[in-house]
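Visitor: Quick one: structure below, then a few questions.
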Amino acid sequence: MAYLLKGVSILGAAPTDLYINDGVISAPVPDAEVIDAAGLVALPGLVDVHTHLREPGREDAETVETGSRAAALGGYTAVCAMANTSPVADTAGVVEQVWRLGREAGLVDVQPIGAVTVGLAGKQMAELGAMASSAADVRIFSDDGFCVADPKLMRRALEYVKAFDGVIAQHAEEPRLTEGAQMHEGEVSTRLGLTGWPAVAEEAIIARDVLLAEHVGSRLHVCHVSTAGSVEVLRQAKARGVRVTAEVTPHHLLLTDERAEGYDPVFKVNPPLRTRSDVEALRQALLDGVIDVVATDHAPHAVQDKECEWSYARPGMLGLETALPIVLSVFGPKWDLIADRMSIAPARIAGLDGHGGDLTKAGTPANLTLVDPSVQRVVDPAELASISRNTPYAGMTLPGRIVATFLRGEATVLDGKAVK
Amino acid sequence: MAQPRADAPSKIILAGSDLHRVVDRIAHQILEKTSGATGTVLLGIPTRGVPLAHRLAARIHAFEGVDVPVGSLDITLYRDDLRLQATRALGRTELPAGGIDGLRVILVDDVLFSGRSVRAALDALKDLGRPSSVQLAVLVDRGHRQLPIRADYVGKNIPTALSESVKVALTEIDGADEVKLIGGLT
Amino acid sequence: MIKHLRSAADLDAATATLILDTAAEMAALSGREVKKLPALRGRTVVNLFYEDSTRTRISFEAAAKRLSADVINFSAKGSSVSKGESLKDTALTLQAMGADAVVIRHSASGAPHRLANWVDGSVVNAGDGTHEHPTQALLDAYTMRSRLGRLDGLKVAIVGDVLHSRVARSNVLLLTTLGADVTLVGPPTLIPLDVAAALSKSTKVSYDLDSVLPDSDVVMMLRVQTERMQDSYFPSAREYSRRYGLDMPRMRKLPEHAVVMHPGPMNRGMEIAPEVADSPRSTIVEQVANGVSVRMAVLYLLLGGK
Ligand SMILES: [Zn+2]
C-alpha cells in the first residue's frame, strides 16, 4: 500500500508531499492513497524506552496488544517492554514470548527488556547473554521497579553486557533510604503523614553508578530521573565523558508532589512526583541534552490497585497516549527537540535501527506519526485504549492530536483511530 | 417557616417603659398565683428567656422581698426541628443550686408561638429532675399554636398573621427594650 | 458547619472555638442523672476501626450514644474487613446501611479522605496512620483551655516522636489556628523535614528540652515506641529518656502553673516518669473524660443540623 501525505510539514518545515511505498519513504509513486495532511506535522515514529505492558501475568491491567494500541495512538512505533512481568522476563523464553506477542499485535515494534537479576531479586545475574542472542535480540537490561542496589552486582552487570553491546537501565533508588516510602520527602509528605522518598535516595545511586560505569568503561542508562540533584550528577558525569544516558517521564516534567494532597493514588508513582524546582531542572536538562530522552514509564494498574488507600496502591501512571501532548504543552512546538528526545535518541539507546530515521530521505523506513498541533483535547480516561484507567491527566486540556501513525509503511492509526 | 424580608415594614408594639410595666405585671401575677412565689424556680429558655427570668426574679424581690432562684434551660438538643436548619449552637443549661426536684418550675420565654419550644423544654426538664409542677410565663403570645399548650402568664397577646414575625429585643442582649411586629400588611 | 472532620486543618478558628464551646456545654450536661440527649435520634454513626483502639472507639461510642444516635461498630476483627474486603467495598456497604457518619480509624494515612469520596455521610478521622487525629487535638485544646483559661498566646511544647505522631500534626494545626505558640522538641531524627512550612509557619523546633521547659505553659509528651531504636532514630531507650524524658527534676523547671499532658497510652519510665504522670500537674485523666464531651460536640455539630 502506498500513501501520499499531501501538504505535510516534516518537523515543522514548509508543507510538502511525502510518499510512502513498500515500507519506506519513497519518490513519488502513482496510485498512492492520498491523506490530506495540511496543517499536520510529521515526526519520526516515537520510541519509548520504558513501557510496562504487564503481559504475561497482569492481563487485567494491560496486554501486549492493548498496550501496543495505546502506543500507536500516542504516535509510537516502538516500545521497550519492561521485565517486571509475572513470570519475570529474566530468561530467553519469556522475552521471546513478549516479542512474539508484539509481532502478533503488529501495532508497534515491541522490544523486550531483560531483567538484570533472576526474579528481579537483586541477588544473582540473569542469563543476559541468552536473552541477547534470543529471537528478541535484547539489548537493554533492567530490574525496573527495583534498583540493582548491590554495588558489586551492578558493576558486574555493567561489565558483562559489554560483550553484546548491552546497556543496564537502572531504576535508581537506594532501598534502605526508601523503606516504606510513599511520596517525595518534603513539606507535603510531612503534612500528609506519608513516609518520604528522599531525593538523595535517587541521587546517591546515580552518583555511584556513573562512577562504576566510568570505572569499567560501560554504558549506563538511568531510568526516570526525577530530581534536580540527579540532573547535576548527570551533567558532571557527561562533562567527564562517562557513557551515560538518561530519561525523564512526561509526568515528572509536568506534575508536582502537591498532587498528593487529596490522597488520590492516581498520583502515586515511583519515583514520586517532586517539587516545582525539580520540574524546572528536569525541563532544562531535557533542553540541554543532559537528559537524553522522554520515556513514558507507562504503568497500567487495575482499578482495585488504585481505588484504595494511598499506601496500599501500586505506584505508576498511564503515559503512552498522553506523552506527546504533555511534551507539547511543556515545550511548545519545538519539533526538532521533540523528534530527538522522543524518537531519534531513544531509538539509538535501544539499538532500534529502523526507528528515528530521517523522513526527508528516500529509503528511510516509514515509521512516522502525524500530529495536528492545533487541536486541544480534554483527557477522558474512558476513551483511552489501555485496559487501565490510571491517568493522572483526567480532565486536563492538552494540545495535539495524533492523526495517523505508520509502522513500516502500514497505517496503525488513521484519522485518530487504531486500524486494528 | 417563612421569614419576613429584612426590609419588610415593622411596627413597634412595646418599647422601653411599656415593656418594663409588662414584666412587672407578670411578676405580680406570679406572686398572686403562687401565693408569694415560695417553692418556685424560674428557668429561662435561652436566649432571651434567660434575662427575662432574671428580671422577673428581681421584680419579685423588689415587690415582696422573696428570693426566687433563677436558672437557664437550653432546649436545642431537644428540638424537633434540628434537621430543618443548619446546626444550631448550644445555649447554657444551669440549674439553681437547689435543683428543681419537688419545686414549682416556671419556664420563661420571650414569645409563645407554635408551642414546640415549650414541648422541647418539657422534654429537657424531664431529664433534669422531677418538679412538683411546671408553669409557663411568656412576654408575648402571638397565637398559631400547633400543640395543646398554653401559657400561665402572658405579658401581651399580639394577634399576628403567619407571614409576620415578632421580634423581642432586650437591653441585656440587644442594647434596647423593644417588641416589634415585622412583615405582613400594616 | 463543615461536612467532614478529616484533618485539624478543616477547622478555622471560629469553627474550632464553636466545637470547644459546645463541648463545654456537653460536659456540663454530662454531670446529670439522665445522660442521654435526644439530638441525634434516628441518626446512624458507624465506628469503622481498622486498628485496635478500644479507648478511642469507646469514647466515640459513648459520645454517639449519649446523643441517642444508633451506633454500629464495624471493627477489623470478625468482619469482612479482615477478609480483605477493600475500603471502597466496605464504604459502599456502609452507604447502603444509611450511615450518617463514619468514624474511621485506619493505619493508612489519608484513609478518611478516600472514604469521603465513597460515602454521602460525614467522615470523622479517629486517627489515620502517621497523619492526623483531630479529635485528640480538640480534646487536648479543650483540656488546656479548661486548665489554663485560654489558648491564645499559650506556649505549648510537644515533645517526642513528632515524625510518626498523628497527635502532634493535628495539635500543631489546631493550636496554631487558635493562637497558641507551638514548639516541637525531640531528637532531630524524629522531627519531620520542613515541619513549619508543612504545618504552620509559626511552629518552632528545638532539640533541647531543658531550654524549652522554663518558658512553657503546657508540655505534651508523645508516646515513643522503643522499636524506633531498631531503626536508628535514637541509640537506646536510656539515652532517649535522659535527653527527652520528663522526670521530676525536669518538671520542676516548668513554671508553677504549667500542665503536663500525654495523649496515651504512656510508656512510663520512657518519655514520662511515673511520678510526673501521676502528679497534680498531669491532665492525663481529665483528657480521657474530656474526650467524650469533645466527640459529642463534633458529632452534634456534624450531624445535628440540615
Ligand atoms: Zn522504575
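The values are calculated or read from the model by the stated rules, or taken from the named source; none is laboratory data. Predicted model, so just to flag it, every value in this text is computed and none were measured. Neighbour counts run over all protein chains shown; Cβ positions are idealised from the backbone, glycine included. Areas reflect the complete protein model, heavy atoms only, side chains present, ligands, DNA and RNA absent. Shrake-Rupley method; radii C 1.70, N 1.55, O 1.52, S 1.80 Å.
Visitor: Please work out which residue is farthest from the other protein chains (Cβ to nearest Cβ), limiting yourself to segment B:49-62 and to residues that are open to solvent by 20 Å² or more (accessible area, probe 1.4 Å) and touching a helix residue (DSSP H, G or I) at 6+ places or on another chain (Cβ under 6 Å).
Guide: B:Arg59
Visitor: Select from segment C:179-211 the residues that are touching a Pro at 6+ places or on another chain (Cβ under 8 Å) and either within 14 Å of another protein chain (Cβ to nearest Cβ) or closer than 16 Å to A:Glu187 by Cα (or both) and list them in ascending order.
Guide: Of everything in segment C:179-211, just one residue is touching a Pro at 6+ places or on another chain (Cβ under 8 Å) and either within 14 Å of another protein chain (Cβ to nearest Cβ) or closer than 16 Å to A:Glu187 by Cα (or both), namely C:Ala198.
Visitor: Of the conditions (1) farther than 30 Å from B:Ile12 by Cα; (2) open to solvent by 20 Å² or more (accessible area, probe 1.4 Å); (3) in contact with a strand residue (DSSP E or B) (Cβ under 9 Å, 6 or more places away or on another chain); (4) away from every other protein chain (no Cβ under 14 Å), B:Val105 satisfies every one except a single condition; which number is it?
Guide: So B:Val105 meets the others, but not (2).
Visitor: Please go through segment C:60-81 and give me each residue that is modelled with pLDDT under 95 and open to solvent by less than 30 Å² (accessible area, probe 1.4 Å), ordered by number.
Guide: Matches in segment C:60-81: C:Ala76, C:Ser79, C:Val81.
Visitor: Please go through segment B:75-87 and pick out each residue that is within 7 Å of chain C (Cβ to nearest Cβ) and in a loop (DSSP other than H, G, I, E, B).
Guide: The answer is B:Gln85, B:Ala86, B:Thr87.
Visitor: Determine, yes or no, whether A:Val269 is away from the ligand (no atom under 16 Å from the Cβ), outside any helix (DSSP H, G or I) and surrounded by 21 or more Cβ atoms within 10 Å (Cβ to Cβ).
Guide: no
Visitor: Pick from B:Leu43, B:Leu31: which is away from chain C (no Cβ under 11 Å) and open to solvent by less than 10 Å² (accessible area, probe 1.4 Å)?
Guide: B:Leu43
Visitor: Touching a Leu at 6+ places or on another chain (Cβ under 8 Å) and not in a loop (DSSP other than H, G, I, E, B): does that describe A:Ala72?
Guide: Taking the combined requirement at face value, the residue satisfies it.
Visitor: Restricting attention to segment C:26-39, which residues are free of Cβ contacts under 8 Å to residues at least 12 places away in the same chain and either more than 7 Å from chain B (Cβ to nearest Cβ) or under 21 Å from the mean Cα position of the chain (by Cα) (or both)?
Guide: C:Gly31, C:Glu33
Visitor: Give the number of residues within segment B:92-102 that are more than 8 Å from chain C (Cβ to nearest Cβ) and under 19 Å from the mean Cα position of the chain (by Cα).
Guide: The qualifying residues number 3.
Visitor: If you check A:Glu307 against the conditions, is it open to solvent by 10 Å² or more (accessible area, probe 1.4 Å), in a loop (DSSP other than H, G, I, E, B), more than 16 Å from the ligand (Cβ to nearest atom) and of a type outside the set (A, V, I, L, M, F, W, C)?
Guide: yes
Visitor: Tell me the residue from A:Pro381, A:Pro315, A:Pro300 that is within 16 Å of the ligand (Cβ to nearest atom), surrounded by fewer than 24 Cβ atoms within 10 Å (Cβ to Cβ) and more than 14 Å from every other protein chain (Cβ to nearest Cβ), please.
Guide: So the residue among A:Pro381, A:Pro315, A:Pro300 that is within 16 Å of the ligand (Cβ to nearest atom), surrounded by fewer than 24 Cβ atoms within 10 Å (Cβ to Cβ) and more than 14 Å from every other protein chain (Cβ to nearest Cβ) is A:Pro315.
Visitor: I want to confirm something. Restricting to segment A:272-296 and keeping residues that are of a type in the set (D, E, K, R) and not in a helix (DSSP H, G or I), which single residue is nearest to the chain's Cα centre (by Cα)?
Guide: A:Asp292
Visitor: Could you check segment A:272-285 and list, in sequence order, the residues that are farther than 16 Å from A:Val233 by Cβ, surrounded by fewer than 24 Cβ atoms within 10 Å (Cβ to Cβ) and of a type in the set (A, V, I, L, M)?
Guide: The one that is farther than 16 Å from A:Val233 by Cβ, surrounded by fewer than 24 Cβ atoms within 10 Å (Cβ to Cβ) and of a type in the set (A, V, I, L, M): A:Val279.
Visitor: So A:Ser374 passes all but one of these: (1) polar (S, T, N, Q); (2) farther than 28 Å from A:Glu261 by Cα; (3) surrounded by 15 or more Cβ atoms within 10 Å (Cβ to Cβ). Which condition number does it fail?
Guide: (3)
Visitor: Moving on to the next point. Pull up segment A:110-147, narrow it to residues that are among the polar types (S, T, N, Q) and assigned to a loop (DSSP other than H, G, I, E, B), then point me to the one that is surrounded by the most Cβ atoms within 10 Å (Cβ to Cβ).
Guide: A:Ser142
Visitor: If you don't mind, there's one more thing I want to ask. Would you say C:Thr177 is open to solvent by 20 Å² or more (accessible area, probe 1.4 Å), of a type in the set (Ser, Thr, Tyr) and closer than 30 Å to C:Ser232 by Cβ?
Guide: no
Visitor: Which one of these does A:Gly289 not meet: (1) within 16 Å of the ligand (Cβ to nearest atom); (2) of a type outside the set (Ser, Thr, Tyr); (3) on the phi > 0 side of the Ramachandran plot?
Guide: If we test A:Gly289 against (1) within 16 Å of the ligand (Cβ to nearest atom); (2) of a type outside the set (Ser, Thr, Tyr); (3) on the phi > 0 side of the Ramachandran plot, just (1) comes out false.
Visitor: Regarding A:Ile349, is this residue farther than 22 Å from A:Asp264 by Cβ and either away from chain C (no Cβ under 14 Å) or in contact with a His (Cβ under 7 Å, 6 or more places away or on another chain) (or both)?
Guide: Judged against the criteria, A:Ile349 is a match.
Visitor: Among the listed residues C:Thr183, C:Thr177, identify the single one that is in contact (Cβ under 8 Å) with a residue 60 or more places away in the chain and hydroxyl-bearing (Ser, Thr, Tyr).
Guide: When all the criteria are applied, what remains is C:Thr177.
Condition check ((1) surrounded by fewer than 17 Cβ atoms within 10 Å (Cβ to Cβ); (2) within 16 Å of the ligand (Cβ to nearest atom); (3) farther than 28 Å from A:Ala246 by Cβ) across all residues:
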residue	(1), (2), (3)
A:Ile10	no, no, no
A:Val49	no, yes, no
A:Thr66	no, no, yes
A:Cys80	no, yes, no
A:Thr85	no, yes, no
A:Val95	no, no, no
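Visitor: Would you please name the residue that is nearest to the chain's Cα centre (by Cα), looking only at residues in segment A:162-220 that are within 16 Å of the ligand (Cβ to nearest atom), under 19 Å from A:Val116 (Cα atoms) and open to solvent by 10 Å² or more (accessible area, probe 1.4 Å)?
Guide: Result: A:Glu173.
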